[in-house]
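Worksheet: the structure to be examined is printed underneath.
The values are calculated or read from the model by the stated rules, or taken from the named source; none is laboratory data. Quick caveat, the model's predicted, so the values are computed rather than measured. So basically every Cβ, Gly included, is an ideal-geometry build from the backbone, and we count neighbours across all protein chains shown. Heads up: the accessible areas ignore ligands, DNA and RNA and are worked out on the full protein's heavy atoms, side chains in. Shrake-Rupley method; radii C 1.70, N 1.55, O 1.52, S 1.80 Å.
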Amino acid sequence: MHSITYLTLDKDVRQLRQSDVEAFAAQIQGGVLNRGDDDYDKARKIWNATVDRYPALIARCLNDGDVQSAVRFAAAHRMLTSVRGGGHHIAGNAVAEGGLMIDLSGMRTISIDTAKRTARVGAGALLADLDRESQARGLATPLGINSTTGVAGLTLGGGFGWLTRHHGMTIDNLLSATVVTADGAVRIASATSEPDLFWALRGGGGNFGVVTAFEFQLHPVGPEVYAGLVVYPFAQAHQVLRAWRDFTANAPDNLSVWTVLRKAPPLPFLPASAHGTEVVIFPLLYNGDPEEGQRTAAPVLQFGDPIATHLGPVPYAGFQTAFDPLLTPGGRNYWKSNNFSKLSNAALDVIIAAAARLPGPECEIFVAQLGGAMARVKPAATAFVGRDAHYIMNVHGRWSDANDDERVRVWARQVFQEAAPHATGSGYVNFLTDDEAERVAASYGENYPRLQALKQRIDPGNLFRMNLNIAPAFTPRLEASP
Ligand SMILES: Cc1cc2nc3c(=O)[nH]c(=O)nc-3n(C[C@H](O)[C@H](O)[C@H](O)COP(=O)(O)OP(=O)(O)OC[C@H]3O[C@@H](n4cnc5c(N)ncnc54)[C@H](O)[C@@H]3O)c2cc1C
C-alpha cells in the first residue's frame, strides 16, 4: 500500500502515511479497501447510478469494534466520512468522494425473539433479510416497499410501507439502537438509556453516529395477506383518483391503497394493448384475514372501469418483493417529493398533468397513503415531525442514458414546484436529493432546534456530515484577519 491522498472534512487535500493505513487495516476485521483492490469497485457502487464516487478508503466493518476503529481513525485524521447501510439513498451520501466510507453491508445478522416478538438486526441488513426471518415466525415490522433497501437508512429517516397505517412507521417500532458516536464510544439508545439520542435517531438520519444494530418490535402479520394491483386507463385518471382520495379518507388502518401513475410495464396480466401506455395503478395491501380484505378493498375495483386486476391472497414476504423488478440497481435516478395532509382536486390535477408528460418509460409518480397509526404519534415524540403527511408523493425520474440527465431532472423539478402550493412544505429526508440541503430544516420543522442542540452535544465537529445534514447549533465564527 502506498501513501493515500484523502479529503478532510473541510475538503482540504491531505496524505495518509502508508504505516497509518496499514495500522488501520489491521484493526478492521472485515478489511480495508483502496483503489485498485479487488472488490473496491463493487463496494463503492450504490443503487443510484448517477452517483459515481471514489472513496480514498473503504472500511468493511463486521462488528462494533470495527466501526469504533473506523470512527476513531476518521476523527483523528478529520477525514470526510460516509456511512453505507443498504446504499439506496437517492442523494448518494453513502459514498464519500476522496474520504472514508464506513461500509456496514457485511453486518447482516438477524436474530428473532419469538416469545417477545422482537428482532435484533445488524446495520447492513436489507429489508428482505428482516422480512424473511420475521415472516418465518409469522411476524413483521413496518418496512418499505423495495426489498433491497437497507434497514439502517430507512429506519434512521423514518421508514414507511404497507404496515405503517396499521402499526406505525419503522421508527415507531424501534426499541433500541447500538450506536458508535463521534467520540468513538459505543452507546445503547432506548427509551430508558440515552433517551435524547434515541429520540434523535428516530428520524434524524445518520447525523448522530453509526448505528451498528437495531432492535424492533414485531407484530403478527400474514403470512398470507390480501394484496395486489388494480389498473385503470389514464383517460379515467380524474375520476379514479378522486374516488381513491375519498375512499382512502375513511379506510380502516389495516388497508393501504397507494397510487402509481406511469407507462404500463409489460406485465403478463395486462392486455398487450395497454403496454407502454399511461395508466393509473392502485397497489394495495390488507393486513388481516384475506377474505375480509377482499370485501374491504372491493370499492377500489369500482373507481371506474379497470383495464385489469391482479388481486388475491399472497405471501406478505412475496408482496414485499413485488416492485423489485422495476427498481433494480444500476439505473439513473432523480427524485422530488412533496408531503400532503390532504389531496385537493387541484393537487390531483397537477399530478395527472405531470403524468401526461412523463419523460421516459421508467419514470413514475407515486403517492403513498399514510395516516392511521403513523398520524396518531405526536410530532414532537420522535425527530420525524411529519405526522400530518397523510400522503407522500415521490416524483421518480428514472432513465439509463446520461444524455437524458437534465431533461428528466427538469421534469421532476417542475412537478415538485407545481405541487408545492398544495403541499405541507415539509419533506421526507429519505427522499431528498443532494441538491436539497435547504429543505432539511423545513423537513424537521419544530423539531429542528432540538436536533441542532443535540448535534452540538453529540457531534460538535460534524464528523457525520455526509447526510441530509443537521448543522450543530453552535458554529464557531471565524475572526476576520487583521
Ligand atoms: C427503490 C427504493 C424504494 C424505496 N422505498 C421506500 C419506502 O417504501 N419507504 C421508505 O420509507 N423509504 C423508501 N425508500 C427510501 C429509503 O428509505 C432511503 O433511501 C434509505 O436511506 C435507504 O437506506 P439504505 O441503508 O439502503 O441507504 P444508504 O444510502 O446506505 O444510507 C442512507 C444514509 O443513511 C445513513 N446511514 C445508513 N446506515 C447508517 C447507519 N448504520 N448508521 C448511521 N447512519 C447510517 C447515512 O447518512 C447514509 O448516507 C426507497 C428507496 C429506494 C431507492
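Could we say that VAL350 is over 19 Å from the mean Cα position of the chain (by Cα) and surrounded by 21 or more Cβ atoms within 10 Å (Cβ to Cβ) here?
On the way: over 19 Å from the mean Cα position of the chain (by Cα): yes; surrounded by 21 or more Cβ atoms within 10 Å (Cβ to Cβ): yes.
It is true that VAL350 is over 19 Å from the mean Cα position of the chain (by Cα) and surrounded by 21 or more Cβ atoms within 10 Å (Cβ to Cβ).
Please verify whether ALA43 is more than 13 Å from the ligand (Cβ to nearest atom) and not in a loop (DSSP other than H, G, I, E, B), treating the condition exactly as stated. Answer is no for this residue. With respect to the conditions (1) free of Cβ contacts under 8 Å to residues at least 60 places away in the same chain; (2) open to solvent by less than 10 Å² (accessible area, probe 1.4 Å); (3) farther than 18 Å from MET466 by Cα; (4) within 12 Å of the ligand (Cβ to nearest atom), LEU127 lacks only one, and its number is (1).
There is no residue in the range 361-370 that is over 24 Å from ASN287 (Cβ atoms), open to solvent by less than 10 Å² (accessible area, probe 1.4 Å), more than 15 Å from the ligand (Cβ to nearest atom) and at pLDDT 95 or above.
Within the range 441-465, the set of residues being among the charged types (D, E, K, R), under 14 Å from LEU197 (Cβ atoms) and open to solvent by 50 Å² or more (accessible area, probe 1.4 Å) comprises ARG450, ARG457.
Filtering the range 378-433 to residues that are touching a helix residue (DSSP H, G or I) at 6+ places or on another chain (Cβ under 6 Å) and assigned to a helix (DSSP H, G or I) leaves VAL415, GLU418, ALA419, HIS422, VAL429, ASN430.
In the set (1) in contact with a strand residue (DSSP E or B) (Cβ under 6 Å, 6 or more places away or on another chain); (2) assigned to a loop (DSSP other than H, G, I, E, B); (3) small (Gly, Ala, Ser), GLY36 fails one condition alone, (1). For the range 92-118, enumerate the residues that are open to solvent by 10 Å² or more (accessible area, probe 1.4 Å) and within 9 Å of the ligand (Cβ to nearest atom). ASN93, ALA94, SER105, MET107 - these are the residues of the range 92-118 that are open to solvent by 10 Å² or more (accessible area, probe 1.4 Å) and within 9 Å of the ligand (Cβ to nearest atom). Within the range 388-422, the residues that satisfy the criterion of being open to solvent by 10 Å² or more (accessible area, probe 1.4 Å) and under 25 Å from ALA200 (Cα atoms) are ASP388, HIS390, TYR391. Hey, does the range 215-228 have a residue that's surrounded by 23 or more Cβ atoms within 10 Å (Cβ to Cβ), closer than 29 Å to ALA91 by Cα and hydrophobic (A, V, I, L, M, F, W, C)? Yes; the residues of the range 215-228 include at least one that is surrounded by 23 or more Cβ atoms within 10 Å (Cβ to Cβ), closer than 29 Å to ALA91 by Cα and hydrophobic (A, V, I, L, M, F, W, C). Tell me, please, whether a residue that is among the acidic types (Asp, Glu) and over 24 Å from HIS396 (Cα atoms) can be found in the range 314-330. For the range 314-330, residues among the acidic types (Asp, Glu) and over 24 Å from HIS396 (Cα atoms): absent.
Go through the residues of the range 328-336 one by one and say whether even a single one is touching a strand residue (DSSP E or B) at 6+ places or on another chain (Cβ under 6 Å), more than 23 Å from THR141 (Cβ to Cβ), within 16 Å of the ligand (Cβ to nearest atom) and of a type in the set (Phe, Trp, Tyr). Looking for residues that are touching a strand residue (DSSP E or B) at 6+ places or on another chain (Cβ under 6 Å), more than 23 Å from THR141 (Cβ to Cβ), within 16 Å of the ligand (Cβ to nearest atom) and of a type in the set (Phe, Trp, Tyr), one finds at least one in the range 328-336, hence yes. Among the residues of the range 238-274, those that are over 28 Å from the mean Cα position of the chain (by Cα) and small (Gly, Ala, Ser) comprise ALA243, ALA272, SER273, ALA274. Does the range 303-319 contain any residue that is at pLDDT 95 or above, open to solvent by less than 30 Å² (accessible area, probe 1.4 Å) and within 16 Å of the ligand (Cβ to nearest atom)? Yes, there is a match, as at least one residue in the range 303-319 is at pLDDT 95 or above, open to solvent by less than 30 Å² (accessible area, probe 1.4 Å) and within 16 Å of the ligand (Cβ to nearest atom).
Filter the range 153-206 down to residues that are open to solvent by 10 Å² or more (accessible area, probe 1.4 Å), in a helix (DSSP H, G or I) and within 8 Å of the ligand (Cβ to nearest atom) and give me whichever is nearest to LEU127 (Cα to Cα). Once the filter is applied, the top-ranked residue is LEU154. Can you find even one residue in the range 282-295 that is loosely packed, with under 15 Cβ neighbours inside 10 Å and small (Gly, Ala, Ser)? The answer is no; no qualifying residue exists.
One residue stands out among those in the range 46-83 that are of a type in the set (Gly, Ala, Ser) and more than 16 Å from the ligand (Cβ to nearest atom): the one that is farthest from the chain's Cα centre (by Cα), which is ALA76. Among the residues making up the range 415-450, those that are in contact (Cβ under 8 Å) with a residue 12 or more places away in the chain, touching a strand residue (DSSP E or B) at 6+ places or on another chain (Cβ under 9 Å) and away from the ligand (no atom under 16 Å from the Cβ) are VAL415, PHE416, ALA419, ALA420, HIS422, ALA423, THR424, GLY425.
VAL121 meets all of the listed conditions (1) more than 6 Å from the ligand (Cβ to nearest atom); (2) open to solvent by 10 Å² or more (accessible area, probe 1.4 Å) but one, namely (2). Just checking, does the range 133-150 include any residue being more than 6 Å from the ligand (Cβ to nearest atom), among the β-branched types (Val, Ile, Thr) and open to solvent by 10 Å² or more (accessible area, probe 1.4 Å)? Yes, some residue in the range 133-150 is more than 6 Å from the ligand (Cβ to nearest atom), among the β-branched types (Val, Ile, Thr) and open to solvent by 10 Å² or more (accessible area, probe 1.4 Å).
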